[in-house]
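The values are calculated or read from the model by the stated rules, or taken from the named source; none is laboratory data. No experiment lies behind these values; they were computed from the predicted model shown. FYI the Cβ positions are ideal-geometry reconstructions off the backbone, even for glycines, and counts take in every protein chain you see.
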Amino acid sequence: MTNFEFTEEQKMLRDMVRDFTKNEIKPLARKIDEEERIPQELIQKIAELGLLGVSFPTEYGGGGFGEVGYCIVLEEIARGCLSTSTFIGAHQSIGANAIYIGGSEELKKKYLVPLAEGKLIGGFALTEATAGSDSFNLRTRATRDGDDWIINGEKLWITNGGIADVLSVFARTERGITAFVVETKSKGFHAGPPEHKMGIRGSITNALTFDNVRVPKENMIGEEGRGFLIAMKTLDAGRLGLGAACLGAARELLELSTKFAKERKQFDQPLSNFQAIQFMLADMATYIYAMESMVYRTALDYDAGKATSRQTAHVKLFCSEALCKITDMAVQIHGGMGYSRELPIERYYRDARINRIFEGTSEIQRLVIARDVLKKNGIL
């Protein structure tokens, strides 16, 4: 039996982030989208609240709230701006989390603590031109040179790539895929110009080049050849946080759509009187109930140390696709105003679409789930 009631500390965290989002993020969301950047002042405020390391233990500079607390934060932030929740996710849930999952104590003290405290910005460099959904097919290589590793290659679509101080980078070595912490100030590292995207425009995305980047052996995350396992474990948490962000955006859209339906009149009565509108609101609420149940049940299991790879695939698949359905219904309820940039509905519509692609496409999530189903039924 799973108890979904938040503790008093978790409720305080939720209320604090909710107020912060209302007062600090929502007023900037349109500007973030139009200028394609999150203001440094806002990032600093997020760091000062401890939100860039809320999931990590306090001994590593974090808030000690675990994955449940992290999902609470992402849900509330996403109610204001999906670009900002994406920035936090890339920094904490995959960039810093790879170090937490596989790194030595020395690496955690050197990098995880300042990352959790927001003194450094992190990112996660896995994707390449030949390694998108097929993430095992990496071409970036790392070779030994005395006590150092030399990394050569290119990465694509790296969130925070142009603003990160440190990156969890995955490269192929003689023993297989291996993970490293790379400081972006290193000689030979170069971030390309920001990509201009349809949605989450405020989230910085770059191609990265590694030209004989020298990395000390101490910066290897875990053992040589074990990097792919670290990447997959890291993405489990990333997919869960992504589901929480989808949940937050969905809640905001339902609230905005309900308010609009009550205020907007057609045929001398509010839209909310029409069954067609009521049914869309009911469907949105039902999706949200399912999203909430999946996100927090899985987060509780994750914090309890249970295996959650299949569960996070369920969360990522369902929540990303549900949000796209919800944004479409929100546009329909708002009519022409939903298509206008005067209201945030249009921005949420654009922002929602990427969730079915990054951190594992919907097709990859179905593959993960299907393989587990077949395995547990004795077929694989």
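I want to confirm something. Restricting to region 50-90 and keeping residues that are under 22 Å from D15 (Cβ atoms) and surrounded by fewer than 18 Cβ atoms within 10 Å (Cβ to Cβ), which single residue is farthest from the chain's Cα centre (by Cα)?
Filtering region 50-90 for residues that are under 22 Å from D15 (Cβ atoms) and surrounded by fewer than 18 Cβ atoms within 10 Å (Cβ to Cβ), the one farthest from the chain's Cα centre (by Cα) comes out as T58.
Scan region 295-314 and tell me whether some residue there is touching a Phe, Trp or Tyr at 6+ places or on another chain (Cβ under 6 Å), under 27 Å from F65 (Cα atoms) and buried (at least 21 other Cβ atoms within 10 Å of the Cβ).
Of region 295-314, the ones touching a Phe, Trp or Tyr at 6+ places or on another chain (Cβ under 6 Å) are 296, 308.
Now narrow it down to the ones that are under 27 Å from F65 (Cα atoms): 296, 308.
From what is left, the residues that are buried (at least 21 other Cβ atoms within 10 Å of the Cβ) are 296, 308.
Yes: one or more hits.
Where in region 31-115 are the helices (runs of 4 or more DSSP H), entirely inside, with at least 1 residues that are more than 25 Å from R297 (Cβ to Cβ)? Walk me through how you get there before you give the answer.
Details: elements: 40-48, 66-78, 82-88, 97-102.
Qualifying helices (runs of 4 or more DSSP H): 40-48, 82-88, 97-102.
Collect the residues in region 119-136 that are surrounded by fewer than 16 Cβ atoms within 10 Å (Cβ to Cβ), modelled with pLDDT under 95 and closer than 22 Å to N97 by Cα, keeping them in residue-number order. Spell out the reasoning first.
So in region 119-136, the residues surrounded by fewer than 16 Cβ atoms within 10 Å (Cβ to Cβ) come out as 119, 129-130, 133-134, 136.
Still in the running and modelled with pLDDT under 95: 129-130, 133-134, 136.
Once the filter is applied, which keeps residues that are surrounded by fewer than 16 Cβ atoms within 10 Å (Cβ to Cβ), modelled with pLDDT under 95 and closer than 22 Å to N97 by Cα, region 119-136 yields S133, D134, F136.
Of all the residues that make up region 220-248, how many are among the hydrophobic types (A, V, I, L, M, F, W, C), out of contact with any Phe, Trp or Tyr (no Cβ under 6 Å at 6 or more places or on another chain) and under 21 Å from N355 (Cα atoms)?
Qualifying residue count, region 220-248: 9.
Mind checking whether some residue in region 216-230 is charged (D, E, K, R), touching a residue at least 60 places away in the same chain (Cβ under 8 Å), buried (at least 17 other Cβ atoms within 10 Å of the Cβ) and in a helix (DSSP H, G or I)? Before the answer, list the steps.
Just the residues of region 216-230 that are charged (D, E, K, R), to begin with: 217-218, 223-224, 226.
Next, only the ones that are touching a residue at least 60 places away in the same chain (Cβ under 8 Å) stay: 217-218, 226.
Checking the rest, the ones that are also buried (at least 17 other Cβ atoms within 10 Å of the Cβ) come to 226.
Within this subset, residues satisfying the condition of being in a helix (DSSP H, G or I) are none.
Among the residues of region 216-230, not one is charged (D, E, K, R), touching a residue at least 60 places away in the same chain (Cβ under 8 Å), buried (at least 17 other Cβ atoms within 10 Å of the Cβ) and in a helix (DSSP H, G or I), which makes the answer no.
Within region 169-186, work out how many residues are within 13 Å of T143 (Cα to Cα), surrounded by 15 or more Cβ atoms within 10 Å (Cβ to Cβ) and either among the acidic types (D, E) or within 20 Å of the chain's Cα centre (by Cα) (or both).
Final tally of qualifying residues: 2.
Just to be sure I understand the filter: pairs with C-beta atoms under 6 Å, separated by 6 or more residues or on different chains, first member in region 5-20 and without any contact (Cβ under 8 Å) to a residue 12 or more places away in the chain and in a loop (DSSP other than H, G, I, E, B), second member surrounded by fewer than 16 Cβ atoms within 10 Å (Cβ to Cβ) and hydroxyl-bearing (S, T, Y). Which pairs pass?
The qualifying pairs do not exist here.
Please enumerate the residues belonging to region 342-380 that are in contact (Cβ under 8 Å) with a residue 12 or more places away in the chain, assigned to a loop (DSSP other than H, G, I, E, B) and not aliphatic (A, V, I, L, M). Steps first, please.
Start the filter on region 342-380 by keeping residues that are in contact (Cβ under 8 Å) with a residue 12 or more places away in the chain, which leaves 343-356, 358-366, 368-369, 372.
In the following step, the residues that additionally are assigned to a loop (DSSP other than H, G, I, E, B) were identified as 343-344, 358-361.
Within region 342-380, P344, F358, E359, G360, T361 meet the criteria.
For region 237-266, what are the residues that are closer than 19 Å to G336 by Cβ, loosely packed, with under 15 Cβ neighbours inside 10 Å and either at pLDDT 95 or above or in contact with a helix residue (DSSP H, G or I) (Cβ under 7 Å, 6 or more places away or on another chain) (or both)? Don't jump to the end; show me each part of the working.
Keep residues of region 237-266 that are closer than 19 Å to G336 by Cβ, which gives 253, 256-266.
Checking the rest, the ones that are also loosely packed, with under 15 Cβ neighbours inside 10 Å come to 259, 262-263, 265-266.
K259, K262, E263, listed by residue number.
Report whether or not V295 is assigned to a helix (DSSP H, G or I), touching a helix residue (DSSP H, G or I) at 6+ places or on another chain (Cβ under 8 Å) and free of Cβ contacts under 8 Å to residues at least 60 places away in the same chain. Full working, then the answer.
Working: assigned to a helix (DSSP H, G or I): yes; touching a helix residue (DSSP H, G or I) at 6+ places or on another chain (Cβ under 8 Å): yes; free of Cβ contacts under 8 Å to residues at least 60 places away in the same chain: no.
No; evaluated as a whole, the condition is false for this residue.
Does region 266-283 include one or more residues that are assigned to a helix (DSSP H, G or I), under 30 Å from Y70 (Cβ atoms) and touching a Lys or Arg at 6+ places or on another chain (Cβ under 8 Å)?
Yes, some residue in region 266-283 is assigned to a helix (DSSP H, G or I), under 30 Å from Y70 (Cβ atoms) and touching a Lys or Arg at 6+ places or on another chain (Cβ under 8 Å).
Within the bounds of region 40-49, is there any residue that is surrounded by 24 or more Cβ atoms within 10 Å (Cβ to Cβ) and either under 17 Å from the mean Cα position of the chain (by Cα) or farther than 24 Å from V315 by Cβ (or both)? So that I can check it myself, show each step before the final result.
The initial filter retains those residues of region 40-49 that are surrounded by 24 or more Cβ atoms within 10 Å (Cβ to Cβ), namely none.
No, every residue in region 40-49 fails to be surrounded by 24 or more Cβ atoms within 10 Å (Cβ to Cβ) and either under 17 Å from the mean Cα position of the chain (by Cα) or farther than 24 Å from V315 by Cβ (or both).
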